[in-house]
Amino acid sequence: MRYGRHHLVVIVLSWLIILIIGAYGLAENNRMAMAERRQMKESIERGLELFARNCATCHGPKGEGCVGAPLNRKDYRGQPSENQATFDFLYKTIADGRPGTGIPRWVRRGDQWYSYTAMPAWSRAKGGPLNEMHINDLVNFIMLGNWDDVPGKIAEIEKRARDAMLESGQNPDALPMRDAPGLDAAANKRGQDLFVGKGCVACHRIGSRGGSTGPDLSNVGAWGLDREFLKSYLKNTNLPNRIPVFWS
């Protein structure tokens, strides 16, 4: 009888140990999963800041593309761990860049535009400013981030820069624009006054002045765009073929 009770106690204790180990394992798995989700969320937030600061001017504030190719594409979305080929492609492109011209160059073929614009290498190994973690963060944002968050982040970054200038005694609204070659002083002033007065300066930059939501227009005359296309572009925001369909 005593042996039977002792045997029962051993069995009960054994099951308790098994249950405790199982509960600990489950809790540890949950903890690790939560840690991974938290780390990914933080990575995406860093990627959002990096994209808004470095990439939106070329690729668009919602990844829609302009000077650079569109990134807000269904085939680029998904979990990085489950879409390794996509992750590797985006990582390599950001790290190594793409060949082409330093100043954007578009070529019209029929009613379509083709871009031969270079993308610089962004990795430190290739002379760029970003380390491996930065590029990982950018790819995680492209694959998992919310594109609707980018415009607000750009506005936040620009406000910080503007406030810093004001605190240092500089006037952001007095920064010089770049005069257009071939125009006299009066024509340049009329164009610059329109650029500011019509609000273009809030999104676009010419020279040292303007925003970063839209492309830098300092050298737009050298892109290869014809006059009629530019006039149509300004008049009609729903103009088809607003960006190239081919990227070198």
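Restricting the range 58-109 to residues that are open to solvent by 40 Å² or more (accessible area, probe 1.4 Å) and among the aliphatic types (A, V, I, L, M), the residue that is farthest from residue 131 (Cα to Cα) is 107. Being free of Cβ contacts under 8 Å to residues at least 40 places away in the same chain and over 30 Å from residue 79 (Cα atoms) holds for only one residue in 218, 168, and it is 168.
Out of all the residues in the range 235-245, is one or more in contact with a strand residue (DSSP E or B) (Cβ under 6 Å, 6 or more places away or on another chain), under 24 Å from residue 153 (Cβ atoms) and touching a residue at least 24 places away in the same chain (Cβ under 8 Å)? Scanning the range 235-245 turns up no residue that is in contact with a strand residue (DSSP E or B) (Cβ under 6 Å, 6 or more places away or on another chain), under 24 Å from residue 153 (Cβ atoms) and touching a residue at least 24 places away in the same chain (Cβ under 8 Å).
The values are calculated or read from the model by the stated rules, or taken from the named source; none is laboratory data. Bear in mind that the values here come from a model prediction, so they are computed numbers and not experimental data. Cβ: placed from backbone, ideal geometry, glycine included. Neighbour counts: every protein chain shown. Heads up: the accessible areas ignore ligands, DNA and RNA and are worked out on the full protein's heavy atoms, side chains in. Shrake-Rupley method; radii C 1.70, N 1.55, O 1.52, S 1.80 Å.
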